[in-house]
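Notes follow the structure.
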Amino acid sequence: MSFFWLALFSYLFEKDTILEKAETAGFFYKNADISEVAECKAAENSVCVSHNGKNYLVKKRDSFSAAAETVKDSVRLSMTPDSAYISYFLYVQTDCAVHKVRLTKREIIISEKADKILRLQIAGTGVNGPEILWSRKFNEAKLPPFSVSFDKSLNLLRKQCKLPSISIDSGLEEAAERSLAKVQNEGLKHYSSKDGGIRHTGVRKKILGENLFSAKSEAEAWKMLVSSPSHLYNLINPQFRHYFYAVKKDKDAVIGAVIFSD
């Protein structure tokens, strides 16, 4: 594994952990700059986080903003867009389902009842593809942990959610390997100006999806995927009946790409 990836992996893993702590403190933005500081003083659109004996300042990177307010038994979501993103999608996670809605208004009332919502997440489509901008947990999700292998874990999850099983399709292998190489060379980008995205790999499928990850282990990767509604959306999408899982393991890191199709 290249030095570039080892350095990037270390940053990404620490960033994910720090952002989890920031969310607990009420900072729900994921597109953020994180800087280690001797003494942290948070200003507007930032929060201070302590991790592994160090202090970090977490500051929102763009002008996008979002807020969710519970009014009686509904949730009112409002957002202010940023010109860097051409579209926005809201993911609403309930007990064993994730609903994907394109946001075309600055304010909406979410149709699901507030007490049924587990997590809300907003992704913006930018030059590198979809990027998680905001995420807020309302209730804990009870989803199965990693079990022996990704394939077994995925089908146990789908069984729990009363969905058809999903099978490995070797016809998706080349696309998955190309995505894995992209992660290794460029980081967690779904689209690049050089190689495009999964639609440019030659795979002839009506519906395609892609999950990318980096973690300390496959179990940690699984936890990250099922904790993110936009990633869980692919895992439990009933339209997906096939997938291919490409993974590269190192003693200190695991990176992976999962391609889904009808």
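The values are calculated or read from the model by the stated rules, or taken from the named source; none is laboratory data. In this text the structure is predicted, and so the values were computed from the model without any measurement. In this analysis, Cβ positions are derived from the backbone assuming ideal geometry, glycine residues included, and neighbour counts consider all displayed protein chains. Heads up: the accessible areas ignore ligands, DNA and RNA and are worked out on the full protein's heavy atoms, side chains in. Shrake-Rupley method; radii C 1.70, N 1.55, O 1.52, S 1.80 Å.
Tabulated values for the structure
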quantity	calculated
Test for Ala66: is it touching a residue at least 24 places away in the same chain (Cβ under 8 Å), of a type in the set (Gly, Ala, Ser) and surrounded by fewer than 20 Cβ atoms within 10 Å (Cβ to Cβ)	no
Candidates Ser50, Ser46, filtered to the one that is surrounded by 14 or more Cβ atoms within 10 Å (Cβ to Cβ), more than 29 Å from Phe240 (Cα to Cα), polar (S, T, N, Q) and without any contact (Cβ under 8 Å) to a residue 60 or more places away in the chain	Ser46
Condition broken by Asn52, with the remaining ones in (1) at positive phi; (2) within 16 Å of the chain's Cα centre (by Cα) satisfied	(2)
Among (1) outside any strand (DSSP E or B); (2) open to solvent by less than 60 Å² (accessible area, probe 1.4 Å), the one test that Lys41 misses	(2)
Verdict on Ser78 being within 19 Å of Arg119 (Cα to Cα), of a type outside the set (Phe, Trp, Tyr) and part of a strand (DSSP E or B)	yes
The one condition in (1) touching a residue at least 60 places away in the same chain (Cβ under 8 Å); (2) open to solvent by less than 40 Å² (accessible area, probe 1.4 Å) that Val254 fails to fulfil	(1)
Residues (within 14 Å of Lys54 (Cα to Cα), in contact with a Phe, Trp or Tyr (Cβ under 7 Å, 6 or more places away or on another chain) and surrounded by 15 or more Cβ atoms within 10 Å (Cβ to Cβ)) located in the range 12-37	Ile18, Ile34
Any hit, the range 1-12, residues being at pLDDT 90 or above and of a type in the set (A, V, I, L, M)	no
Residue check for Phe64: in contact with a Gly (Cβ under 7 Å, 6 or more places away or on another chain), modelled with pLDDT of 95 or more and not acidic (Asp, Glu)	yes
Residues located in the range 181-190, provided they are open to solvent by 10 Å² or more (accessible area, probe 1.4 Å) and outside any loop (DSSP other than H, G, I, E, B)	Ala181, Lys182, Gln184, Asn185, Glu186
Which numbered condition His99 misses (of (1) within 27 Å of Leu235 (Cα to Cα); (2) surrounded by fewer than 17 Cβ atoms within 10 Å (Cβ to Cβ); (3) modelled with pLDDT under 95)	(3)
Subset of the range 121-165 [in contact with a helix residue (DSSP H, G or I) (Cβ under 7 Å, 6 or more places away or on another chain), open to solvent by less than 40 Å² (accessible area, probe 1.4 Å), closer than 17 Å to Thr80 by Cα and not polar (S, T, N, Q)]	Ala123
Whichever residue in the range 69-96 is open to solvent by 20 Å² or more (accessible area, probe 1.4 Å) and among the small types (Gly, Ala, Ser) and, among such residues, is nearest to the chain's Cα centre (by Cα)	Ala84
